[in-house]
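Trainee: What follows is a structure written as structure tokens; I'll ask about it next.
The values are calculated or read from the model by the stated rules, or taken from the named source; none is laboratory data. Just so it is clear, the model here is predicted, and its values are computed rather than measured. Note that each Cβ is placed from the backbone with ideal geometry, even for glycine, and that neighbours are counted across all protein chains shown.
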Amino acid sequence: MKIFQPMKSSVTIVSSDTKDNIYMVLNTGKSQHTGMDTHTHVHTHTHTHIYFIQFFAHYYIHTGRAWSILRALVVVLGLLCVLLLIGIIVLLTKKTRDKTTMLPTNGGQNMQDQKFCFPRHTDTSYVKITPDYEDPLTHVTLCMRYKTKYSRKQQSLFSLATYSTDNAFLLFIERTGKFSLTVNAFEIYTDVVSPPDQWNSVCASWSVCGEAHLWLNDKSFDLGKISTRRNIRTKPIVLIGQEQDTYGNNLDIAQCFVGEVNDIYLWGHEGPTAVVTEFMWMKPSPSHGKFLISWRALNYTLSGHVLVMSSTTVCNHPA
Ligand SMILES: [Ca+2]
């Protein structure tokens, strides 16, 4: 126990030692026992400094200075631990947030490292995707990757139909093995040949002003103008693997796609160059822009014989 109590012009310091003796040290240089203890005896001492030394020895050792230092250390260590914990939480939160921006935002499925395999010639196998947009489109950019064994076969890569127009936005490989692009039923034939037996990255864009472009792997092609002045209507149906001749129907086995597809993206805003460049060169696939279709958040349904598999799994289809 220790009590510090000012008394008029003098200082009274009472301290208990290990024998429960209580000493009063006065600034007059005399010490008196307080008489509060059962082992009472009174000391009068003229050597003030000795009592101060005794007192401080008691104070530092017996009355808890060591405990105070220990407590301070524990508090400091505790604070450091709390700061460390806060730092870790902040870092983890940031990492989670960064990761979250790459995850599906529309409830769709993240298809990264997967692909669709169309192994057979059919008129029933397709992937149906419903892009979600509320206003008619004045700009469209499509990007996707595909692989097929066929060099000279009609194949639909991306068929977007609206209620009023079946070929509202169609990327197609003609019997010649060359691409064609159709927007609102206006068709452009290209001289760009689809290479067989390899993965191809292809993009196509159109704006309501008429400009149309095609990109294939490391090359870009100005397709001139597609003379439709209409927007692409809302509530479209997209089929991968089949070509629609009516809204979601009238499929032709001669135009089915046989092979593998992945990384399907559709954007509805201006400036296709930036997203196409990212798509062609960046790994992983594009992270910016507002998607109408995103491979990282894909809402789709399967029909017929379409396989969803890892991008490293072999998709066998007949030669
Ligand atoms: Ca059609």
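Trainee: Kindly indicate the residue of region 221-271 that is of a type in the set (S, T, N, Q) and within 20 Å of L307 (Cα to Cα) and also farthest from the chain's Cα centre (by Cα) among those meeting that condition.
Mentor: Q255
Trainee: Condition check: over 19 Å from D252 (Cβ atoms) and more than 16 Å from the ligand (Cβ to nearest atom). Does T130 satisfy that?
Mentor: So T130 passes the test.
Trainee: Select from region 221-240 the residues that are surrounded by fewer than 19 Cβ atoms within 10 Å (Cβ to Cβ) and farther than 27 Å from V258 by Cβ and list them in ascending order.
Mentor: D222, G224, K225, S227, T228, R229, R230, N231, R233, T234, K235, listed by residue number.
Trainee: Regarding F118, is this residue in the same structural domain as D263 (by TED's automatic domain parsing), modelled with pLDDT of 95 or more and within 16 Å of the ligand (Cβ to nearest atom)?
Mentor: No, not satisfied.
Trainee: Residue under question is I188, and the condition is that it be farther than 21 Å from Y133 by Cβ and within 16 Å of the ligand (Cβ to nearest atom); does it hold?
Mentor: yes
Trainee: Here's something else I'd like to know. Take the conditions buried (at least 16 other Cβ atoms within 10 Å of the Cβ), modelled with pLDDT of 95 or more and within 16 Å of the ligand (Cβ to nearest atom) and apply them to L216. Does it pass?
Mentor: no
Trainee: Looking at V238, V258 in this structure, which one is more than 16 Å from the ligand (Cβ to nearest atom), β-branched (V, I, T) and in contact (Cβ under 8 Å) with a residue 60 or more places away in the chain?
Mentor: V258
Trainee: Which one of the conditions (1) within 16 Å of the ligand (Cβ to nearest atom); (2) out of contact with any helix residue (DSSP H, G or I) (no Cβ under 6 Å at 6 or more places or on another chain); (3) in contact (Cβ under 8 Å) with a residue 60 or more places away in the chain does Q154 fail to meet, given that it meets all the rest?
Mentor: Looking at each condition in turn, Q154 falls short on (2).
Trainee: Specify the residue that is farthest from L216 (Cα to Cα); the eligible residues are those in region 159-180 that are within 12 Å of the ligand (Cβ to nearest atom) and aromatic (F, W, Y).
Mentor: F169
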